[in-house]
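This report refers to the structure that appears directly beneath it.
Each value in this text was obtained by applying a stated rule to the coordinates, not by laboratory testing. Only a predicted model underlies this, so the values are computations on that prediction, with no experimental measurement involved. Counting neighbours? That spans all protein chains shown, and the Cβs are built from the backbone with ideal geometry, glycine included.
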Amino acid sequence: RGRASAAPSTSDREAIRAIRIKKVEELRNKGLDPYAYKWDRTHTANKLQEIYRHLGNGEELDQSDCVSISGRIVARRAFGKLAFLTLRDESGAIQLYCEKERLQSDKFEQLKTLVDIGDILGATGTIKRTDKGELSVCLTSFSLLTKSLLPLPEKYHGLTDVDKRYRQRYVDMIANPDVADIFRKRAKIISEIRKTMESAGFIEVETPVLQGAAGGAEARPFVTYHNSLGQDLYLRIATELHLKRMLVGGFEKVYEIGRIFRNEGISTRHNPEFTTIELYEAYSDYESMMNMAEELVTACALAVNGKLALDYQASYASSDIGVEICLERPWRRETMNNLVKEATGIDFANFRGDVTTAREAALKALDATGVVESDRNSVRASPSVGHVLNEVFELVVEPRLLQPTFVLDYPIEISPLAKPHRRDGGLTERFELFICGREMANAFSELTDPLDQASQIKSSRKVPSESHSKFLFLQRKRLEEQVEQHRRKDGDDDSAYEVKVDEDFLTALEYGMPPASGMGLGIDRLVMLLTNSASIRDVIAFPVLKTK
Amino acid sequence: SRVAVQAEDEGIDPTQYYENRIKSLAAQKESGINPYPHKFEAELTILEYVNKYEGLNSGDHLEDVEEKIAGRLMSKRSSSSKLFFYDLHGGGAKVQIMADARKSDLNEEEFTRFHSSVKRGDIVGIIGFPGKTKRGELSIFPKTFIVLSHCLHMLPRQRTGPGSEGQKITDAWIPGSGRNPDSYTLKDQETRYRQRYLDLMLNSEVREIFKTRSKIISYIRRFLDELDFLEVETPMMNMIAGGAAARPFVTHHNELNMRLFMRIAPELFLKQLVVGGLDRVYEIGKQFRNEGIDLTHNPEFTTCEFYMAFADYNDLMKLTEDMLSGMVLELTGGYKIKYHANGLGQDPIEIDFTPPFRRVDMIEELEKIANLDIPKDLTSDEANAYLVKACAKFDVKCPPPQTTARLLDKASLCKLLFHRSILLVGHFVEEICINPTFIINHPEIMSPLAKWHRSKPGLTERFELFINKHELCNAYTELNDPVVQYQRFADQLK
C-alpha cells in the first residue's frame, strides 16, 4: 500500500514541503513542467458520471473513445502495477484507474513517486466501470499541472478547526466540498435577485462608497482620509440617500446590490462589511414592496432549493429543534399593534400618548415572560408610547415570528424616513419582514415632503438598533449626545466621529421626488436562511476575524 | 397663439421663488390638504402611452378612454387662463399635456387658480383621455390633474430656442454615437457633478449614459455566467495593504482596534478561491486608490476581474475579444463607435471593434518603430545603459531611479493600474493603438505576477488591451509557482 492520506503533524509540514520542493526540481530535471501553462479538458467529472451512469460493472468503453479531465488529487492507493487516484474538480469526483502497462515508459513510476495528494493533474484515458462499481478513467497519459507543496489537512473530510476554516478558506473548500456549494448558492441567489429585478424593469446603479459626510446613523461609520483632497471620508452605512437622488433625477425603478460598512462588533451575525440590496420604485407604496419581497425571496428559494419549504436550524429560534419554514405565498401581514395585542393583550392604541400608563402596562406584561432587568430598563427609558410599543414588540413578538411575517405600520417616532400613515395618525407606512425571528427586510412608503423630512430627521429620538437593511438617520442632536457621551466615557478623542444631517439630500428632495416606496434587504441573511447556515461567516468567503 | 409663461417666473429672485413655494405648501397643509399624496397608480409609462397612441390622426380625441400617467413637468405654456400646455417627461420619453378648462373636473375659476400654482419641475399624475392636436401632437387631455411632488427651486432653463417643440418624442442618445453637450440644459460642470440628480433630470443624454453603464455591466455578467463563471464577493477591507502598487485608504476598526486597508484589487483573494476549487470566478466591484482626482481617475472605481483555471493568456485574448466586440455589437448594432478622443469640442474619431484585435509584441514592436536593437538580457547593465541612451535620444523623460523596467514602462504590480508614465513603450507602441490592440509578451522585470513565457526567455505571457491609447485590460497566464512568486515579491521589495 502506498502513501495514503495519512495525517501529517505540524512538525511534518516543513519536512513534507522540503521533500516536495525536491520533487519539483526532479520534475524539471526530467524536462517536465511542474507548473503547466494550460490543459484542455473534454469533460468534467460530474458530466462523465452523468453520461455513463448506465455503464455496467466491469464494462469498458472502446479504447478509441478518449476523454480528458483535470482536477485535484484528493486520495490515492498504489500497489505494484496498479494505482487508484481520486480526482476532484469543481463539479465532483471520479476515480483514475492507473495500470502500469497502459502508460508509456516510466510514467507509472512518475505517478507513484512524484504525484502527491493535493497535486493538480490533467488526465486522459478511456472510460470503464470497475467490478466494484466505481466509474473510472483508465489512464493512458497524464500531466502534472500544479505541484502542491503543502499537505492537505488530515482526512479530507476533517477540517474542523473553525478558526482555520475562515482564515484559510481555500483549505476549507478543498476539504469540505459543501463549503464551495454555499458560495455557488450565494452566487445563484444574487443572480436570481438581479434577474427578478431586471424583469420587473429596474435598473442597477452604483452609488458612492466613500462619502464626504457620515450622514448620521445608529451605525458607527468607518473613517478614512483622502490624502490629495486633504479630507476625511466616511464609508457608506446605507445606499438609501443616493438611490433616492436617482429617483429625483428621473430614474423610476432603481436598485443597488452592494457592500455596506459598519464599524461595530463582529459576531456570528455581524461582519463589518456585508451585502444588501436596496430598491426604489416611483409611484408605488409599501404594498408594492411587500409583493416584491415575496417575489424575491421565493424566486431565490426555488432557484437554490427547488422548493418553498425549508428547514432552518434552531439558533434563531433559541431552541434545539430546527423549524420548518414555509415560504408559500401569501405571507402573513399584520400590524405591529395587533401582534403585540395578540401576544400580551395590551392595545397600545388605547394609551393615546400617555407614556406613563403605557410603560406600566408593558412592564406588567413583561413579568409573565421573564425578561432580564436591562430590558425592563429600556422600557422604563422609552420616551414615547411608540417606543414602548416597539420595545415590547422586540422583546416578546420578534422571536416568535418564525414563519414569514410582514409587520406593518411602525410608530412614527422610530421611523424618520417613512411617510406618515394615510389613515392612522402616529403611525407610518412601514413594514419589516421577519423570517425565523430575524429581520430580513425593511421598507416604507418613502417620505417625500422635504420639510417634514427635515424635521423628522432632526427630531427623531431613536431608531431601532437592529435596523439591518435600511440604516436610518438619527437626529443630529442625539448623535452629538452619543459622541459626547462616548468622549466622556472613554476620554478618547480619536474614537469620536463627525455626524451631519445630509443637507444635500434634503436639497434634492426640494427639487421634488415622486411618491415612491423603497426596501432594503440583507443578502447575507437571506443566504444564511436559504443555505441553512448558522453564522454569517459561513456565507462570507473571507470574513473579518480578530487578530490572533 | 401660445404665449410661453416663462415671464411668470422670469425676473423673480430664486430665494423669493423658493419662499413663495414654501408658503404655498404651508397654506395647503393649513387647509388640510396633503401636498404629498401617498400614491398615484400610473397604469402606463409615458413611453407605453406614446407607443399606444402615436398612430392617432390629427384632431382625434378618444374621449371615452381613460388613461393614467405620471411624470415631471419640464415645460409649461398657456394660451389663456383656460388652456395650459405642459411637457410631461418620464423614463426618457415625453408627451404633451393639454389642460383645457372645459375637459376638467374643476370649474373655471378653480382651474385657473390651480394651474397658475403648478410649476415647471413639479411631478404630476394625470387621469385623462388620449388625443392628437390639430397640429398632430400626441397629447393627454386631463380630467384630473394631481400634483404629487413639488419642485421648490427654479429649474435651470434651456436657453436656446423656445420650449421643446422641435424635439422628438424620444430623443435618446444611442450608445456608440457622438455626444452633443451643446444640447444640455444644464451645462455648468460643477453643478452637474455635485447635483447629479439635476444633470439626470435636465440632460437626457446623461441619463442614457448611465443606462448604458448599467447595460455594459449586465452584459459582462451574462457573458461570464454563460461560460460557467461564478460571481463572488471578496473583502473590500483587508488587514494588509495589497502591495506597493497603489496608495491605499486606511481606516480603523474601533472595537477590534485593528487597522484596515481598503482594497486596491481583488486579485489575491480571487486566486485563493481558484486554489479552493472554484475553477472560474469573477468579481465586479469597487476598488479604491488614495490618489489624485483627474479626468480618468476617481478614488473609487469599478472593475471586473476574472480567473479561469486550466486556461492561458491566449484563451483570455480570445475571450476578451468576444466579450468586447459582442458588447459593442449588442449595444450599438455594429462594431464601430464614435469617441471624442480629442475633447468634446472636436469631431469624434471612429474606433473599430471588429474581431480579431491586432496583437503586437511589446519589445519587437518597440524595436521596429523606434529602430532600436535592445540587448536581449533585459536584466543586464548593458540593456539599462542602452535604454537610458535611447530615452535621451528621443527626449523621453524618465525620473530616477532609471531602472530598465521604468525606462520601458511602468511596472505592473497588480492587474489594473490605469496610470503610467509616457516612457518608451508609451511613447511609441501605445500611441499607435487606437483600435483595440493587444500589446503582448511584456518583460519579466515589469510583470511580477505573470508567468514566464514558455518559449521566449526574459518575457512573460501577458497582455494589455489598449483602446484609444488607454489601457483597458491587463491579463496573464498566472504565475502559480509559489517559489518563483516568493522570489519575485522579494525582488519587488528590494
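Structure above, values below:
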item: A:A200/A:D375 FRET efficiency (R0 35 Å; Cβ-Cβ; nearest 0.05); result: 0.30
item: Chain A: relative contact order in percent, alpha carbon pairs under 8 Å with at least 6 residues between; result: 13
item: Fully extended contour minus Cα-Cα distance, from B:N342 to B:N57, at 0.36 nm per residue; result: 98.0 nm
item: Anisotropy class of chain A from Cα gyration tensor, a/c 1.5 cut; result: prolate
item: FRET efficiency, B:I240 to A:D106 (Cβ-Cβ, R0 56 Å, nearest 0.05); result: 0.80
item: Length-normalised contact order for chain B - Cα pairs under 8 Å, 6+ apart - percent; result: 9
item: Theoretical gain in end-to-end length, B:Y18 to B:E205 [0.36 nm per residue, Cα-Cα removed]; result: 64.5 nm
item: Residues A:C300, A:C66, B:C151, sorted so that the one with the fewest Cβ neighbours within 10 Å comes first; result: A:C66, B:C151, A:C300
item: Mean ellipticity per residue at 222 nm, deg cm²/dmol - from DSSP H runs of n ≥ 4 across the protein assembly as shown, formula -39500 (n - 2.57); result: -9500 deg cm²/dmol
item: Neighbour cut-off at most 12 other Cβ (10 Å), DSSP loop, GluC sites (Glu not before Pro), the stretch B:202-278; result: none
item: Whether the stretch B:14-149 is rounded, prolate or oblate, judged on the alpha carbon gyration tensor where a/c under 1.5 counts as rounded; result: prolate
item: 10 Å Cβ neighbours from other chains, averaged over peptide B:309-315; result: 5
item: Gyration tensor verdict on the stretch B:279-338 (Cα atoms; rounded if a/c is under 1.5, prolate if a/b is larger than b/c, oblate otherwise); result: oblate
item: Normalised contact order of the stretch A:10-158, rounded percent, pairs of Cα under 8 Å and 6 or more residues apart; result: 29
item: Dipole of chain A, positive direction: furthest Cα of A:P330, A:S384, A:S143, with charges on the beta-carbon; result: A:S143
item: Using a Förster distance of 41 Å, the FRET efficiency for A:K81-A:K164 (Cβ separation, nearest 0.05); result: 0.60
item: 3J(HN,Hα) from dihedral phi, the stretch B:42-49, Karplus parametrisation 6.51/-1.76/1.60, rounded to Hz, x for glycine, proline; result: 7, 7, 10, 7, 5, 4, 5, 4
item: At most 14 other Cβ within 10 Å, DSSP loop - chymotrypsin sites (Phe, Trp or Tyr not before Pro), the stretch A:41-130; result: A:F79
item: Ratio of the Cα radius of gyration of the stretch A:230-278 to 2.2 N^0.38 Å, where N counts its residues; result: 1.40
item: Dipole of the protein assembly as shown, positive end: most advanced residue of B:G345, A:F251, B:L47 [Cβ charges, Cα centre]; result: B:G345
item: Estimated distance in nm for a label pair at B:H470 and B:K376, the labels positioned 7 Å out from Cα along Cα-to-Cβ; result: 3.9
item: For the stretch B:233-307, alpha-carbon Rg over 2.2 N^0.38 Å; result: 1.18
item: The stretch A:356-400-the stretch A:524-548 distance, computed between alpha-carbon centres (Å); result: 31
item: Global size of chain B as Cα Rg and Dmax, reported in angstrom; result: 29.7, 94
